[in-house]
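The values are calculated or read from the model by the stated rules, or taken from the named source; none is laboratory data. Bear in mind that the values here come from a model prediction, so they are computed numbers and not experimental data. Because the Cβ atoms are built from the backbone with ideal geometry, glycine has one as well, and the counts that use them run over all protein chains shown. What goes into the accessible areas is simple: the full protein's heavy atoms, side chains included, and nothing from ligands, DNA or RNA. Shrake-Rupley method; radii C 1.70, N 1.55, O 1.52, S 1.80 Å.
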Amino acid sequence: MTEESSRAPDWDALLDRLPVAWWETDRDLRVLRIGGGSAEAVLGAGGGVTSTPEPGMEHRDGAPAHDPAPHARALAGETVRWRARSQGRLLDVAAGPRRAEDAHPGGHAEGVRAVAVDVSLGVYERERYLALAAYLPGAAFIRDAAGRHLWVNDAYAQLYGTVPSELTGRTLEQLLPPPEVARVRRLDEQILVGHRPLRHALTLARERGPVRLVGHRFPLETAEGRCVGGIYLDVTGHLKALDDKTAVEEELRALRDRTGAAVVRFTPAGRIEHATPGAAMLLRTTVARLEGRTVRDLVAPSQDTDRLMRQWRDLVRGRALRRSTRLACRTGSGGRRLLRADLAVLRADCRPNGILALMTPVGVEHQHAAELTPVQEQVLLRLARGQTNTRIAQDLGVSRQALDYHLRRLREELDAPSRSAAVARGYALGLLDGTVWPPELSGAFRKQNTR
């Protein structure tokens, strides 16, 4: 036994574990011997074979071991290469004439000897990668050391208002103005002499305005030598949105904290999350003392509290977007102050997640709550309208002695020595509506706006 024949079993065993196949045929193109890990795909089902008109290497569908056309050419003395699709595999096949060992190179062939390599994995992965990279939202490119574009994707071409085929092969000098070329060259040189990717931001001047990019540049070893690859995201719109958001937030912050507006934000449960300095000043306290308190702690007990809580439930349950009411609120000095509260719903994920209250002073702070009877309220209203005692007594249907009693009790309750002082005190405490003429009680205004 020769040395060559003794190694043959080991060689066959090795090929059986590799994605290759080999076979030999006789002159009638019948397969005599076959082996390799891809032998099953090479043999296939033995059906018919069709050719597909694709550029480059010929592509044929069907089992290559039973494909007569290329075998006939190989039997005639030609070395034939083609790609075959068989059983879901892509095979790179080469076939040539098989001659006897002592035969003349130009003599007749005894059959065909062929080998096939399974290239499915590499080719399919490459096609998937190229399809993915070509339409990736990020702008991607590969450039050689001379600045010539070897490959660009669709997003990169859009930065220049063209298509990838128009950019491939063009240099930086053909695309960019000289100042930008020098800057890009410096970045490329950092990659070519280094071994690490570089993350940075770029701003490109375009007719529609500056384009701001963020991404990586990295080295690539290719058949063309060391090249520069890059993937960038166009963040122009995102950064503009952030700038606009920052500007709006600054305007709101100035409106809320620096103009003195009295604004309080409540949780849906009624606890104060945030209060502006204006709100603290209005209630004669500090922001720290306001935050954390509940709406019931803030509002002095009265019929207004029940009305407020009904409106509050409407807002929290989504039955209303805004409400307006008047409230007697406790102050930090232990007194009370009548305020108008404009309440609005704050939403998150389409659900109410808070209440914003804009508070406006209606009256001055007072230590004693003025509790007027309905008759005394009507007396105060008619005093503000300038009516005489006789006219007031007639309108209310009371005697002069009864009117004098109500006037005395009204001045005592308002701590006012005279009729004019009682009217002034009524406006100061918010009992009379200072926004209308002729004078009206603030209660009428409240009922009108809290229906």
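Over all directions, how big on average is the projection of the convex hull of the alpha-carbon atoms in the stretch 129-264, in square nanometres?
Over every viewing direction, the Cα hull of the stretch 129-264 projects on average to 11.8 nm².
Helix-derived [θ] at 222 nm for the chain: sum -39500 (n - 2.57) over DSSP H runs of at least 4, divide by residue count, nearest 500?
Taken over the chain, the calculation gives -10500 deg cm²/dmol.
May I ask you to give the percent of accessible area on the chain that is carbon plus sulfur, with a probe radius of 1.4 Å?
That share works out to 54 percent.
Heavy atoms only, probe 1.4 angstrom, no DNA, RNA or ligands counted: give me 281, 309 ranked by accessible area, highest first.
Most to least solvent-accessible, the answer reads 281, 309.
Rg and Dmax of the stretch 228-369, using alpha carbons, in Å: what are they?
Taking only Cα atoms of the stretch 228-369, I get Rg and Dmax of 19.1, 81 Å.
Kirkwood Rh, Cα Rg: Rg to Rh for the chain?
1.43
Based on the Cβ-Cβ distance from residue 216 to residue 259, what FRET efficiency comes out when R0 is 60 Å, to the nearest 0.05?
With a Förster radius of 60 Å, E is 0.85.
With loop defined by DSSP as not H, G, I, E or B, and exposure as at most 14 other Cβ atoms within 10 Å, which is the longest segment of the chain clear of exposed GluC sites (Glu not before Pro)?
Result for the longest clean stretch: 225-370.
Return one quarter of the surface area of the convex hull spanned by the alpha-carbon atoms of the stretch 296-369, equal to its mean projected area, in nm².
Result: 4.9 nm².
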